[in-house]
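Engineer: Got a structure for you, written out below as structure tokens; questions coming shortly.
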Amino acid sequence: MSTWTTRPEDPADPRDAAAIREVLLAAFPTAEEADLVDALRADDAAWIPGLSLVATGEDGSVVAQALLTRCTVGGDPALALAPCAVVPAHQRQGAGSAAIRAALAAATRRAEQGGENLVVVLGHAAYYPRFGFGPAAEAGVLAPFDVPSEAFLTLALDPARPAPRGLVGYPAAFGI
């Protein structure tokens, strides 16, 4: 297992956006996720500076990304974790986990200052619980599409505050 350096995407450096796009193109079979991130980056209502986190290799190259963007749950602000991607040569080495942990840590700091207090994710039921995610249905959160209940998960970031409940509304870029 390698040690990964994590950091926020640098909006002032166009090389970061290009490197993230390359990660997404390598990790997924189509350009759909890469195009989604570009569209989210252009959406001021969805994009939150500091919540696109990358993991870098020893040479400083971007090998993974975890992205949190603003969504709504029951009409209240929340965060959506998607996409998460790792260059295939670095998969199963902890780079993706490092990026997700860094993204969730940044979101937790926001929550503690009154920011969004809930993260939703559609993903592998055996993977995301290691970060604290649990079944969305148990938290009163509903997906706006048909999905197996075990694959739709939520995480409250600040347990001292109530988390929103209700139907998730995704940014327009998701096409939902």
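Engineer: Would you mind finding the one in Arg110, Arg92, Arg101 that is under 24 Å from Glu9 (Cα atoms), open to solvent by 30 Å² or more (accessible area, probe 1.4 Å) and in contact with an Asp or Glu (Cβ under 7 Å, 6 or more places away or on another chain)?
Structural biologist: Values: Arg92 fails: in contact with an Asp or Glu (Cβ under 7 Å, 6 or more places away or on another chain); Arg101 fails: in contact with an Asp or Glu (Cβ under 7 Å, 6 or more places away or on another chain).
Of the residues listed, the single one that is under 24 Å from Glu9 (Cα atoms), open to solvent by 30 Å² or more (accessible area, probe 1.4 Å) and in contact with an Asp or Glu (Cβ under 7 Å, 6 or more places away or on another chain) is Arg110.
Engineer: If you take the residues of the stretch 113-156 that are over 19 Å from Ile48 (Cβ atoms) and of a type in the set (D, E, K, R), which of them is surrounded by the fewest Cβ atoms within 10 Å (Cβ to Cβ)?
Structural biologist: Residue satisfying both the conditions and the ranking: Asp146.
Engineer: Restricting attention to the stretch 96-119, report how many residues are farther than 24 Å from Gly74 by Cα and either modelled with pLDDT under 95 or in contact with a Ser or Thr (Cβ under 7 Å, 6 or more places away or on another chain) (or both).
Structural biologist: 3
Engineer: Identify, from the list Leu79, Leu67, the residue that is out of contact with any Asp or Glu (no Cβ under 6 Å at 6 or more places or on another chain) and surrounded by 23 or more Cβ atoms within 10 Å (Cβ to Cβ).
Structural biologist: Values: Leu79 fails: out of contact with any Asp or Glu (no Cβ under 6 Å at 6 or more places or on another chain).
Selected residue: Leu67, the only one of Leu79, Leu67 that is out of contact with any Asp or Glu (no Cβ under 6 Å at 6 or more places or on another chain) and surrounded by 23 or more Cβ atoms within 10 Å (Cβ to Cβ).
Engineer: Can we say Ala163 is surrounded by 18 or more Cβ atoms within 10 Å (Cβ to Cβ) and touching a helix residue (DSSP H, G or I) at 6+ places or on another chain (Cβ under 8 Å)?
Structural biologist: Considered against the rule, which asks whether it is surrounded by 18 or more Cβ atoms within 10 Å (Cβ to Cβ) and touching a helix residue (DSSP H, G or I) at 6+ places or on another chain (Cβ under 8 Å), Ala163 comes out as yes.
Engineer: Quick one: in the stretch 1-52, of everything that is polar (S, T, N, Q) and modelled with pLDDT under 95, which residue is surrounded by the fewest Cβ atoms within 10 Å (Cβ to Cβ)?
Structural biologist: Thr3
The values are calculated or read from the model by the stated rules, or taken from the named source; none is laboratory data. Please read all numbers here as calculations on a predicted model, not as lab measurements. When we count neighbours, we look across all protein chains shown, and the Cβ atoms used for this are built from the backbone with ideal geometry, even at glycine. When the accessible area is computed, the model is the full protein with side chains, heavy atoms only, and any ligands, DNA or RNA have been set aside. Shrake-Rupley method; radii C 1.70, N 1.55, O 1.52, S 1.80 Å.
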